[in-house]
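J.: I'd like to ask you about the structure that follows.
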Amino acid sequence: MDVISNTMWLMIIPLILIQLILMVVSIFDIVRNEQTNGPKWVWVLVVIFINLIGPILYFILGRRND
Amino acid sequence: MSQWLILLQKELLENVRNFKWIWVPLVFIILAIQQPITMYYMPQILESVGGLPEGAVFDFPVPSAEEVLATSLTQYNSLGVLIIVLITMGVIAAERKSGVAAMILVKPVSYTSFVTSKWFSVLLLVWASYFIGYLGAWYYTGVLFEFVSFSIFMQSFLMYGVWLTFVLTFTVFLNTFLKSSGLIAFISLGSIIIMSLISSILSNALSWSPALLGGYVTEFIMFAQMPDGAVISMVVSIAVIGIMLLLSVLLFRKNELAE
């Protein structure tokens with residue numbers, strides 16, 4: 001994979017970083033909240049394994065506001 | 001006015017607590033900046049994925065910076081609009097369902113403040129996220145390709161922002177007389193899709209349609225001049241946004257008093 005140069009990494013690191021922040025924030029919220037819509041462990045898996053869409057799905061569908 | 005500011009503060013605080021102020025900007029940034037990156041590295045990506053026949057030579061035309069910036073903005077056409085509708089779908093409906101709205105409206109809070117403060121809180125969130133995301137795309141396009149002039153960036157930002165505001169206001173408007181957030185999202189997305197389809201098919205007759213702003217903004221970025229119909233389309237959008245906001249307040253008052 002030598003086609004991936006250093007500059008390419010430099011460009012991609014912010015993207016990876018943002019995805020990581022999203023993932024950490026959602027997992028923090030899943031653990032902290034008393035209840036989610038649906039089992040917590042499923043949401044943790046969804047957030048970890050589905051890139052970008054996972055955290056969005058959790059924040060829109062999985063969160064209980066009341 | 002002070003009452004309105006307090007209501008707005010409450011909305012903003014709520015959006016901080018439910019992490020909207022974190023995830024919406026981040027998602028908007030990702031949506032916009034992944035476009036310049038993939039377009040820049042397309043040849044390398046194809047190479048490393050492989051599957052090309054031995055000795056195949058591909059001459060990729062290098063896209064112009066304007067083209068790259070325009071395609072990053074069109075990312076918001078689908079996923080951006082979807083996210084806006086999804087974060088707005090329950091903004092009033094959920095509070096009416098859970099009874100919070102009734103609790104607030106028992107106090108001497110005007111219906112106008114209640115609706116407009118909610119509308120404005122989502123507006124702030126969307127515009128801030130959209131600005132950061134689009135600015136990121138502009139910066140990445142500049143580093144990887146060429147810098148597009150900042151005035152074109154700002155003008156296209158404002159122009160497309162009108163369309164996003166239109167979508168948002170329409171969803172808030174549906175909130176004032178429908179109670180289920182799922183239904184609101186469905187009707188809102190459905191109407192936007194139908195509107196875009198009809199407008200693009202009859203683009204000559206409907207050149208003022210707000211749904212054409214997405215196309216106009218692409219044209220504007222590419223050729224650096226306002227396409228015909230863009231200005232009138234913006235004026236119509238802003239007028240309709242004003243009317244929808246007014247109707248939202250009226251409908252909300254009527255529905256709440258009826259209960």
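The values are calculated or read from the model by the stated rules, or taken from the named source; none is laboratory data. Here the structure is a predicted model, which is why all the values come from computation and not from measurement. For neighbour counting, all protein chains shown are included, and Cβ atoms are generated from backbone atoms with ideal geometry for every residue, glycine included.
J.: Could you please find all residues in the range A:1-58 being more than 8 Å from the chain's Cα centre (by Cα), closer than 19 Å to B:R17 by Cα and among the polar types (S, T, N, Q)?
T.: Passing the criteria: A:N33, A:Q35, A:T36, A:N37.
J.: Which one is farthest from B:Y160 (Cα to Cα), of the residues in the range B:176-186 that are at pLDDT 95 or above and surrounded by 17 or more Cβ atoms within 10 Å (Cβ to Cβ)?
T.: B:I184
J.: Scan B:I37, B:I45 and give me the residue that is surrounded by 12 or more Cβ atoms within 10 Å (Cβ to Cβ) and modelled with pLDDT under 80.
T.: Exactly one of B:I37, B:I45 is surrounded by 12 or more Cβ atoms within 10 Å (Cβ to Cβ) and modelled with pLDDT under 80, namely B:I45.
J.: Any residue that is hydrophobic (A, V, I, L, M, F, W, C) and within 10 Å of another protein chain (Cβ to nearest Cβ) - is there at least one of those in the range A:32-54? It would help to see each step written out before you state the result.
T.: Of the residues in the range A:32-54, the ones hydrophobic (A, V, I, L, M, F, W, C) are A:41-50, A:52-53.
Retained after the next criterion (residues that are within 10 Å of another protein chain (Cβ to nearest Cβ)): A:52-53.
Yes: the range A:32-54 contains one or more residues that are hydrophobic (A, V, I, L, M, F, W, C) and within 10 Å of another protein chain (Cβ to nearest Cβ).
J.: Taking the range B:222-235 on its own, how many of its residues are crowded, with 18+ Cβ neighbours inside 10 Å and under 18 Å from the mean Cα position of the chain (by Cα)?
T.: Of the residues in that region, 3 qualify.
J.: Please work out which residue is surrounded by the fewest Cβ atoms within 10 Å (Cβ to Cβ), limiting yourself to the range B:134-168 and to residues that are within 14 Å of chain A (Cβ to nearest Cβ) and touching a Leu at 6+ places or on another chain (Cβ under 8 Å).
T.: B:A137
J.: Could you give every pair whose Cβ atoms fall below 8 Å, whose first residue belongs to the range B:44-66 and is under 30 Å from B:V148 (Cβ atoms), and whose second residue is at pLDDT 70 or above and acidic (D, E), counting only separations of at least 6 or pairs across chains?
T.: Close Cβ pairs satisfying both conditions: B:S64/B:E146; B:A65/B:E146.
J.: Please return the ranges of helices (runs of 4 or more DSSP H) entirely within the range B:65-111 where 1 or more residues are more than 16 Å from B:N175 (Cβ to Cβ) and polar (S, T, N, Q).
T.: Hits in the range B:65-111: B:65-75.
J.: Follow-up question, since we're still on this one. How about the range B:16-30: which of its residues are more than 9 Å from chain A (Cβ to nearest Cβ) and either touching a helix residue (DSSP H, G or I) at 6+ places or on another chain (Cβ under 9 Å) or surrounded by 19 or more Cβ atoms within 10 Å (Cβ to Cβ) (or both)?
T.: B:V16, B:W21, B:P25, B:F28
J.: Follow-up question, since we're still on this one. Scan the range B:95-110 residue by residue and report those that are of a type in the set (S, T, N, Q) and within 23 Å of B:S181 (Cα to Cα). Please lay out each step first, then the result.
T.: Within the range B:95-110, the subset of a type in the set (S, T, N, Q) is B:98, B:110.
Hit for the range B:95-110 is B:S98, nothing else.
J.: Now for a different question. Pairs only if they're at least six apart or on different chains, beta carbon under 6 angstrom, first in the range A:30-45 and loosely packed, with under 12 Cβ neighbours inside 10 Å, second small (G, A, S) and modelled with pLDDT under 90; list them, first residue then second.
T.: Qualifying pairs under 6 Å: A:N37/A:G62.
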